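Take a look at the structure set out below.
The values are calculated or read from the model by the stated rules, or taken from the named source; none is laboratory data. Predicted model, so just to flag it, every value in this text is computed and none were measured. Here the Cβ is made from the backbone with ideal geometry for all residues, glycine too, and neighbour counts use every protein chain on show.
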Amino acid sequence: DPQDPVRLYASRVLGSVAEEAAGFPGGAGVPVRVPGAAALPRILEIQRALRALQRHRPPGPPTRLVLDEPATAEASARALGLVIPVLRPESRREATVRLVMDASPSMAVWHDMFEELRSVCERLGAFRDVQVHYLHRLGDGRAAVGRGTGPGTRLRSGDQLRDPTGRALTMVVSDCAGPLWREGEAQRLLHRWAECSPCVVVQPLPQRLWSRSWLPTERGVLTRAEGGSGKLRFRPD
């Protein structure tokens, strides 16, 4: 009941007679679980924005047709009993989302935010699959991806995430401040990914700090023509 608050005390030994007289209990305390603040702000707004991706379809015709039963029944009735099957494109989740976390040391503080973003994508139900990868820098400066961040993680070329089918949506979570960005390798990799399918960078830093990163930004609005495979257009503010 919010009108009958419960008093909580730290676990400690009484340090003074004044504390004891004030009613502060000593000795062992009782652990209390307190929910932490969300690492990903404005989750509901993010969910609404991501729902628009449900309309994403790769270029080209649909790969599967299914029987439209109501339309088939109507067409058959008009044909005086002759069965006229009517097919329609299957309405299903086409896109796979690839969440790529920058494995630079400066990104360690954003791990919880990345996990919350993955949880949002999985609960949304807009994607056929949600994959997680981590972006690493090899000793020779090249970009590589792996399934984890540990020293024993098996790494492969970042170009292996390039999807010529256009079904993969790539979301890179990075502060754009690490060596891969400073040397331009990350920008070149993202450009190759974006040649085939949509690619976006999720910048966890406040907007006032974006100008200090190695990825230039410009404010504007990204729109798509009608239809899931319409062309994307950027309109600067």
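Across the range 119-148, the qualifying residues are those that are of a type in the set (A, V, I, L, M) and part of a loop (DSSP other than H, G, I, E, B), and the one among them that is farthest from T170 (Cα to Cα) is L138.
If only residues of the range 29-68 that are of a type in the set (K, R) and part of a helix (DSSP H, G or I) are counted, the one that is modelled with the highest pLDDT is R48. Among the conditions (1) modelled with pLDDT under 95; (2) touching a Gly at 6+ places or on another chain (Cβ under 6 Å); (3) of a type outside the set (A, V, I, L, M), the only one that Y134 does not satisfy is (1). Tallying residues that are within 12 Å of M107 (Cβ to Cβ) and hydroxyl-bearing (S, T, Y) within the range 167-212 yields 1.
Okay, residues lined up against (1) in contact (Cβ under 8 Å) with a residue 24 or more places away in the chain; (2) touching a strand residue (DSSP E or B) at 6+ places or on another chain (Cβ under 8 Å); (3) of a type in the set (A, V, I, L, M, F, W, C); (4) farther than 30 Å from R51 by Cβ:
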residue: R118; (1), (2), (3), (4): no, yes, no, no
residue: Q131; (1), (2), (3), (4): yes, yes, no, no
residue: G139; (1), (2), (3), (4): no, no, no, yes
residue: R147; (1), (2), (3), (4): no, yes, no, no
residue: R154; (1), (2), (3), (4): no, yes, no, yes
residue: L161; (1), (2), (3), (4): yes, yes, yes, no
residue: A168; (1), (2), (3), (4): yes, yes, yes, no
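If we scan the range 98-112, do we find a residue that is exposed (fewer than 15 other Cβ atoms within 10 Å of the Cβ) and in a loop (DSSP other than H, G, I, E, B)? Within the range 98-112, none of the residues are exposed (fewer than 15 other Cβ atoms within 10 Å of the Cβ) and in a loop (DSSP other than H, G, I, E, B).
State yes or no: is A177 of a type outside the set (F, W, Y) and touching a Lys or Arg at 6+ places or on another chain (Cβ under 6 Å)? No; evaluated as a whole, the condition is false for this residue. Within the range 201-229, being surrounded by 14 or more Cβ atoms within 10 Å (Cβ to Cβ) and assigned to a strand (DSSP E or B) holds for V201, V202, R224. For the range 134-150, the candidate set comprises residues that are under 11 Å from D102 (Cα atoms) and touching a Ser or Thr at 6+ places or on another chain (Cβ under 9 Å); within that set, the residue that is surrounded by the most Cβ atoms within 10 Å (Cβ to Cβ) is L135. Screening L189 with (1) surrounded by 11 or more Cβ atoms within 10 Å (Cβ to Cβ); (2) under 23 Å from A49 (Cα atoms) gives one miss only, at (2). Scanning the range 69-84 for any residue that is outside any helix (DSSP H, G or I) and either in the same structural domain as G141 (by TED's automatic domain parsing) or in contact with a strand residue (DSSP E or B) (Cβ under 9 Å, 6 or more places away or on another chain) (or both) turns up nothing.
Whether any residue in the range 177-185 is under 26 Å from I46 (Cα atoms), aliphatic (A, V, I, L, M), in contact (Cβ under 8 Å) with a residue 12 or more places away in the chain and in the same structural domain as Q131 (by TED's automatic domain parsing) is what I want to check. There is at least one residue in the range 177-185 that is under 26 Å from I46 (Cα atoms), aliphatic (A, V, I, L, M), in contact (Cβ under 8 Å) with a residue 12 or more places away in the chain and in the same structural domain as Q131 (by TED's automatic domain parsing).
As a summary of the residue check, D175 satisfies the conditions (1) among the acidic types (D, E); (2) assigned to a helix (DSSP H, G or I); (3) under 24 Å from W214 (Cα atoms) except for the one numbered (2).
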